[in-house]
1. Considering only DSSP states other than H, G, I, E and B, which GluC sites (Glu not before Pro) in the stretch A:74-177 qualify as loop sites with at most 15 other Cβ atoms within 10 Å?
2. Label-to-label distances across copies for residue B:7, with labels 7 Å out along Cα→Cβ, in nm, shortest first?
3. In whole Å, what is the distance between the alpha-carbon centres of the stretch A:51-81 and the stretch A:1-20?
4. Within the set of other residues whose C-beta is less than 13 Å from the C-beta of residue A:131, count the net charge using Lys and Arg as +1 and Asp and Glu as -1.
5. Could you tell me the relative contact order of the stretch A:1-53? Use alpha-carbon pairs under 8 Å, at least six residues apart, and round to a whole percent.
6. Over chain A, calculate the relative contact order: mean separation of alpha carbon pairs under 8 Å at least 6 apart, over the residue count, as a percent.
7. Express in whole angstrom the spacing between the alpha-carbon centres of the stretch B:136-204 and the stretch A:159-191.
8. Which of the trypsin sites (Lys or Arg not before Pro) across the stretch B:77-186 are loop residues per DSSP, with 10 or fewer other Cβ within 10 Å?
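The values are calculated or read from the model by the stated rules, or taken from the named source; none is laboratory data. Every value quoted in this text rests on a predicted model; they were computed, and no experiment measured them. Heads up, the Cβs are rebuilt from the backbone with ideal geometry, glycines too, and the neighbour counts pull from every protein chain shown. These area figures cover heavy atoms from the full protein model, side chains too; ligands, DNA and RNA do not enter into them. Shrake-Rupley method; radii C 1.70, N 1.55, O 1.52, S 1.80 Å.
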Protein chains: 2
Amino acid sequence: MSGVRERARVATTTEIVRLAREQMAAEGAAALSLRAIARDMGMVSSGIYRYYASRDELLTALIIDSYERLGAVAEAADQAVRRRSDHRARLRAMAGAIRQFAIDSPSEWALLFGTPVPGYAAPQDTIGPATRYTLVLVELLGDIARSGVRHDFAVPRAMRADLVRLHDVFGLEVPAPTIALGLTAWAAIMGAVSLELFGHLHNVIDQPGALFDAVVDHYATVLAP
Amino acid sequence: MSGVRERARVATTTEIVRLAREQMAAEGAAALSLRAIARDMGMVSSGIYRYYASRDELLTALIIDSYERLGAVAEAADQAVRRRSDHRARLRAMAGAIRQFAIDSPSEWALLFGTPVPGYAAPQDTIGPATRYTLVLVELLGDIARSGVRHDFAVPRAMRADLVRLHDVFGLEVPAPTIALGLTAWAAIMGAVSLELFGHLHNVIDQPGALFDAVVDHYATVLAP
DNA sequence: AGACAAATGTGAGCACCGCTCTCGCTTTTT
DNA sequence: AAAAAGCGAGAGCGGTGCTCACATTTGTCT
């Protein structure tokens, strides 16, 4: 156990992932080529398949890794706000970190939130890491609720059962209107970042980041008055 | 002029687009294959290039067409609301039509708002049709403003210059806070639809459409109180 | 009506892709 | 020391976008 081979294997897989990220950053996620990675490693193309059984498997590994990193930056941004009761600052920090992640590595953002790769179905392994960054928002909503803030929002009928389930199964102690508004904020943040990143704002406004600012400002006042 | 040849050419290009849509619906936008289209038409693969010089050119044609259709459904939904002063109903109708478009043809939605195809840069031809569906929202915002509603929203600094430009260049007579909030609503709607369509809600809530409902409800009260 | 040119389709070919399989070689386990 | 498992090489299959020389069809102009 823990022989030369194992260490070599870890090194090889790490190198594959590194080259995959490099290639993804340069050419986009859909252009990821196992053959090119093998070529860069001085290996014959079939050798890659000893480490990743298919292109989808490598994609899954990259996706999980990206979700973890996104979760990590969101958590770090939230934790960096010293005054924990400054909920607006925490929302701004969290959302800003998510946007910065997208700007820093657009290919990763596209991998996570862009068009699903055709024929690729996200396996179970991804759903855990995928929810990590959303938990930061849920935590914040909990703190807002605990501070006594109550939101006046008529929760849509279709959402009520889900919120009851979240309460019963996950022990979520946040009022339904707060969660519902929080999910709305989540959608708006994700939408603003994606619209900005995918270039849909260039023909509307000159400073694409302004839409993000507006979204965050709006929800800062809505969620943490 | 207007000879047999021209009609045959139109028929062929139409057939190509039809088959492309079919294929896209079945396998996703990124899996679109010129060879497969040629095969379906009983033509040798190189023949396609007489009609579309490249895969990207065909994609551009599909994108423009999809933008036009999205714009058309949004316009139709808005126009179908008889009481023009019922701004909430118009917002719901417009947003609902956009969501329905996405659900009906997810591959088209992915083509417009998903990951940009790697190496593909949207040419100038697309920006006109691309803005058509947003004009429906802008029109609505104008009617809301003209009805006397004033929104209390601090427009982000980065957005002010853009809104001034929209006013000066396009003659947009809508107060800045209204436009800013409207753009926020736009981001939220797009985000909710994309999150739902790309399957990012399945692990959060059971009824993915509920988030969309919440978003629309929220902005109905915010924009048209 | 006939000549000419443009439009159209053909088939071979290039370079790439994901992926499979077999064959030796090496490291690890028994 | 023998058996097993892991690994890289190489050939090969079927697919892709795209180019090019060639033949054929078709519309137009003299």
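1. Qualifying residues, ordered by number: A:173.
2. Those separations, rounded to one decimal, come out as 7.8 nm.
3. Their Cα centres are 19 Å away from one another.
4. -3
5. Taking the mean separation of contacting Cα pairs over the length of the stretch A:1-53, I get 26 percent.
6. Value for chain A: 19 percent.
7. Here the answer is 24 Å between Cα centres.
8. B:82, B:83, B:150
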